[in-house]
Amino acid sequence: MSEVSPEPDGPGGPDGLGGLGGPDGPGGAGGAAADLVLARAGDDAAFTRLVAPLRRELHAHCYRMLGSVHDADDALQEALLRAWRGIGRFEGRGSLRGWLYTVATRTCLDAAERRGRRALPVDLGPACERVVLDSAPATEVAWLGPYPTGAGCDPAERYERYEAVELAFVAALQQLPGNQRAALLLFDVLGFSATEIAGLLDTTPGSVNSALARARRRLAAAPSGFPSAPGPGDARARATVAAYRGALERGDADALVALLTEDVTWSMPPLPHWYRGRDAVMAFARAVPLTRCPSWRTVPVEANSRPAVACYLGASADAVHTAWSITVLDLAADGRIAGLVSFLGAEHFAPFGLPVNYLEK
């Protein structure tokens, strides 16, 4: 286990408790200062109160570093354990937030070194020219996973916590070496200075600036992926999601094809095959989800700051429908679907607060 590092200054207030609230009340800086004293003395409840306001953003940071909600869960738990064991050495010279990001980043770097990089099917090979039936999951690949956004998000902090978890960005991050990934996130997303990052990563500001430059060059050369419009709250996005759900549940190929752009893509991790172009995507849709899958029920959600649909599959319309996929929709500026990523597996549903079996409303 990595040692808990000395605290960097980090973005935050001069009291060393950066980002934990105002001066009054149990959630403010005064209450946090008291909790810090108690936590240093071994009070685990005080430590829990200290880190509670930062858990969500730390979890998003771990997801950006590791590309998986489940890996982020494990990394955050490990990071907070390391922080709890090292809180006695936190002297308050920098912000508690900055110190916790130090611990979380180092924990993620350790995890990434053990596990390796995550990917999407489009990262691994060209699109399929014909429909592949009975495709087997590629179990040797560490796959990127979806990240729930929207519910419980503070609009004032939306960019920092959520806009930087878009699939294309997180997928591109996974292709960077760990030090470049960490430097880019800490500088561009979280606002740490090069000097602060150097302290966090045990390196020099010059090395940090060099890592940033290399990371930005590699990201600029990566496929652009998901464009920036429209987002989940856009009226066009809501209409497209409703139309997509209706087409899937009715098995309506004509309604589905009308929703797609000419160069639409569809991938389904952990299946390695993916499709590009309206004809190829519709050939797959007609052969599999609209034909071989007897009955669908759907729930609108938000994943990776994009509109998404939780899909439940049943043997017939009156049968039990069970969790099948979280499908993230990439929408073009006119609201049509430019890309679909269907993350297959019931394990993706719990982070979205969804049951394994579909519940009629």
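For the modelled label position 7 Å from the Cα of Ala283 along Cα-to-Cβ, which residues of the stretch 244-259 have backbone nitrogen atoms closer than 19 Å?
Those under the cut-off are 253-254, 256-258.
Among Arg306, Arg297, Arg85, which one shows the highest mean-square fluctuation when the chain is modelled as a Gaussian network with alpha-carbon springs under 10 Å?
Highest fluctuation of the listed residues: Arg85.
Counting pairs of alpha carbon atoms under 8 Å apart in space and at least six apart in sequence, what relative contact order in percent does the chain give? Can you show the working numbers first?
Numbers: 643 pairs, mean separation 58.9, N = 361.
Relative contact order for the chain comes out at 16 percent.
What's the local net charge at Leu290, with K and R +1, D and E -1, over the other residues with C-beta under 11 Å away?
Around Leu290, the surrounding residues sum to 0.
Quick one: which residues, 5+ away or cross-chain, put their amide H under 5 Å from the amide H of Asn304? H built at 1.01 Å from N.
Placed amide hydrogens put Tyr147, Thr149 under 5 Å from Asn304.
In whole Hz, what ³J(HN,Hα) sequence does the stretch 107-120 give by Karplus (6.51, -1.76, 1.60; θ = phi - 60°), x for Gly and Pro?
Once rounded to whole Hz, the list reads 5, 5, 4, 4, 5, 5, 5, 6, 8, x, 8, 9, 8, 10.
Give the accessible surface of the chain per residue, rounded to a whole number of Å², with probe radius 1.4 Å and ligands, DNA and RNA excluded.
Roughly 43 Å² per residue, with all protein chains present.
Using alpha-carbon pairs under 8 Å, 6+ residues apart, how would you state the relative contact order of the stretch 228-350 in percent?
Details: 247 pairs, mean separation 32.8, N = 123.
The value is 27 percent.
How big is the equivalent ellipsoid of the chain along its three axes, where each semi-axis is √(5λ) from the Cα gyration tensor, reported in whole Å from largest to smallest?
Details: eigenvalues 325, 99, 62 Å².
Value: 40, 22, 18 Å, ordered largest first.
Mean-square fluctuation check for the chain, GNM, Cα pairs under 10 Å: which of Asp263, Asp318, Asp252 is largest?
Highest fluctuation among the options: Asp318.
Could you derive backbone 3J(HN,Hα) for the stretch 348-357 from the dihedral phi with the Karplus parameters 6.51, -1.76 and 1.60 (θ = phi - 60°), listing whole Hz in sequence and x where the residue is Gly or Pro?
7, 7, 4, x, 8, x, 9, x, 6, 9
Evaluated at 10 °C with a viscosity of 1.306 mPa s, what Stokes-Einstein diffusion coefficient in µm²/s does the stretch 175-218 have when Rh comes from the Kirkwood expression over alpha-carbon pairs?
Rounded, D is 161 µm²/s.
Taking H placed 1.01 Å from N in the peptide plane, check which residues at least 5 places from His321 or on another chain put their amide H under 5 Å from its amide H.
Residues meeting the amide H criterion: Tyr358.
How long is the gain from Ala239 to Thr203 if the chain were fully straight, where each residue apart is worth 0.36 nm and the alpha carbon distance is subtracted?
8.0 nm
Please report the equivalent ellipsoid semi-axes of the stretch 185-285, computed as sqrt(5 x eigenvalue) of the Cα gyration tensor, largest first, in whole Å.
Largest first, the stretch 185-285 gives 42, 17, 11 Å.
Please find, in a Gaussian network model of the chain (springs between Cα atoms separated by less than 10 Å), the residue of Ala303, Ala172, Ala255 whose mean-square fluctuation is greatest.
In the Gaussian network model the winner is Ala255.
Would you mind calculating the relative contact order of the stretch 71-222 from Cα pairs under 8 angstrom and at least 6 residues apart, reporting the percent as a whole number?
In percent, rounded to a whole number, it is 20.
Label Ala315 and Arg93 with points 7 Å out from Cα along Cα→Cβ: what is the distance between them in nm?
That separation, rounded to one decimal, is 6.6 nm.
Taking just the C-alpha trace of the stretch 43-176, give me its Rg and Dmax in Å.
Cα radius of gyration and Dmax of the stretch 43-176 are 17.5, 61 Å respectively.
The values are calculated or read from the model by the stated rules, or taken from the named source; none is laboratory data. These numbers were taken from a predicted model, which means no experiment stands behind them. Note that each Cβ is placed from the backbone with ideal geometry, even for glycine, and that neighbours are counted across all protein chains shown. Accessible surface is based on the protein model in full, side chains and every heavy atom, while ligands, DNA and RNA are left aside. Shrake-Rupley method; radii C 1.70, N 1.55, O 1.52, S 1.80 Å.
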